[in-house]
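Visitor: Below is one structure. I have some questions about it.
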Amino acid sequence: MGTGAILAVTGLAAEARLAAGADIRVVTGGGDGAHLKEQLERAVRADIAGIVSFGIAGGLAPGVRPGTPLVARGIVGPGTEYFECHRGWSQRLAKALGDVPIVDMAGIDLPVADPSGKRALHVATRAVAADTESHIAARIATAHHLPFAAFRVVADPAERHLPPAALVGVRPNGKLAVGRVVHSVLSQPRQIPHLFRTALDARAAFDALFRGREMVAGGFGFLDLGELVLDVPCEDVLGGSLPV
């Protein structure tokens with residue numbers, strides 16, 4: 001294990017502000033996978049001890065409520081990609097968060113907006129949640145032989161449809177694209193009730209993300225990984241998979 005900084009990977013500027021801390025370097029994707037990859041390749045040239053994916057995610061498994069914190073066992077990427085997370089780090093992270101479930105998550109290039117698409121992705125991957133940064137971060141970590149972990153909180157549940165304004169509302173720097181959101185709402189005003197529901201879900205997710213970040217203050221549970229027993233069977237990971 002390295003002794004350098006932890007590199008936290010987020011999609012939104014609000015997530016980056018929560019992730020920031022001593023010995024934490026943050027890169028933000030803003031939904032642009034190519035830009036995120038470039039940032040990560042530059043960032044890992046410095047003294048980096050490990051990479052953590054941090055932020056909100058879309059729910060894929062039915063019944064998983066907004067605000068549910070999850071730690072990744074592995075990231076299912078596009079095609080046949082699968083990236084195992086560092087087992088010891090994931091265990092420590094899950095324990096620090098109150099023994100939250102350790103599950104597979106999906107890395108996707110574009111958000112999945114409708115319940116049928118979420119269900120199809122869940123059936124295909126068995127992943128409980130999905131985001132647009134974790135597979136890119138895991139791929140870079142694997143290429144550079146760095147330990148990787150992911151802590152994500154479910155925002156939109158599997159049963160919820162994301163309105164168009166929610167899909168256009170982020171700039172490449174991860175900040176809110178207010179103009180695009182307003183234009184979308186004016187063009188399709190019937191989405192307003194759905195947008196309000198999405199905002200409530202996001203609020204629940206960010207409240208949980210804030211609490212979780214306080215619980216893993218410092219290096220996201222990375223320190224003292226050598227104290228953990230790393231040869232436990234996969235089925236014994238803390239929390240296991242959520243029932244679906």
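The values are calculated or read from the model by the stated rules, or taken from the named source; none is laboratory data. Values in this document were obtained by computation on a predicted structure and should not be read as measured data. Ideal geometry is used to build each Cβ from the backbone, glycine not excepted, and the neighbour counts take in all protein chains shown.
Visitor: Given the stretch 104-169, what helices (runs of 4 or more DSSP H) lie entirely inside it while holding 3 or more residues that are at pLDDT 95 or above and touching a strand residue (DSSP E or B) at 6+ places or on another chain (Cβ under 8 Å)?
Guide: Numbers: elements: 115-125, 134-143, 164-167.
Ranges flagged: 115-125, 134-143.
Visitor: Sticking with this structure for a sec: Please tell me if L209 is surrounded by 16 or more Cβ atoms within 10 Å (Cβ to Cβ), under 22 Å from the mean Cα position of the chain (by Cα), free of Cβ contacts under 8 Å to residues at least 40 places away in the same chain and over 21 Å from D32 (Cβ atoms).
Guide: No; evaluated as a whole, the condition is false for this residue.
Visitor: Checking G88 against (1) more than 18 Å from A155 (Cβ to Cβ); (2) outside any loop (DSSP other than H, G, I, E, B); (3) at pLDDT 95 or above; (4) in contact with a Leu (Cβ under 7 Å, 6 or more places away or on another chain), only one condition comes out false. Which one?
Guide: Condition (3) is where G88 drops out.
Visitor: Which residues, counting only those in the stretch 45-67, are out of contact with any helix residue (DSSP H, G or I) (no Cβ under 6 Å at 6 or more places or on another chain), in a loop (DSSP other than H, G, I, E, B) and not acidic (D, E)?
Guide: R45, A46, P62, G63, V64, R65
Visitor: Sticking with this one: Select from the stretch 183-209 the residues that are hydrophobic (A, V, I, L, M, F, W, C) and either at pLDDT 90 or above or closer than 16 Å to A13 by Cβ (or both) and list them in ascending order.
Guide: Residues of the stretch 183-209 hydrophobic (A, V, I, L, M, F, W, C): 185-186, 192, 195-196, 199-200, 202, 204-206, 208-209.
The answer is L186, I192, L195, F196, A199, L200, A202, A204, A205, F206, A208, L209.
Visitor: Any residue in the stretch 8-36 that is free of Cβ contacts under 8 Å to residues at least 60 places away in the same chain sitting within a Cβ distance under 7 Å of a residue that is surrounded by 24 or more Cβ atoms within 10 Å (Cβ to Cβ) and of a type in the set (V, I, T)? List the pairs, counting only those 6 or more apart or interchain.
Guide: Close Cβ pairs satisfying both conditions: V26/T10; V27/V9.
Visitor: Okay, next question. Quick one: S116 ticks every box in (1) surrounded by fewer than 22 Cβ atoms within 10 Å (Cβ to Cβ); (2) in contact (Cβ under 8 Å) with a residue 12 or more places away in the chain bar one, so which box is it?
Guide: For S116, the failing item is (2).
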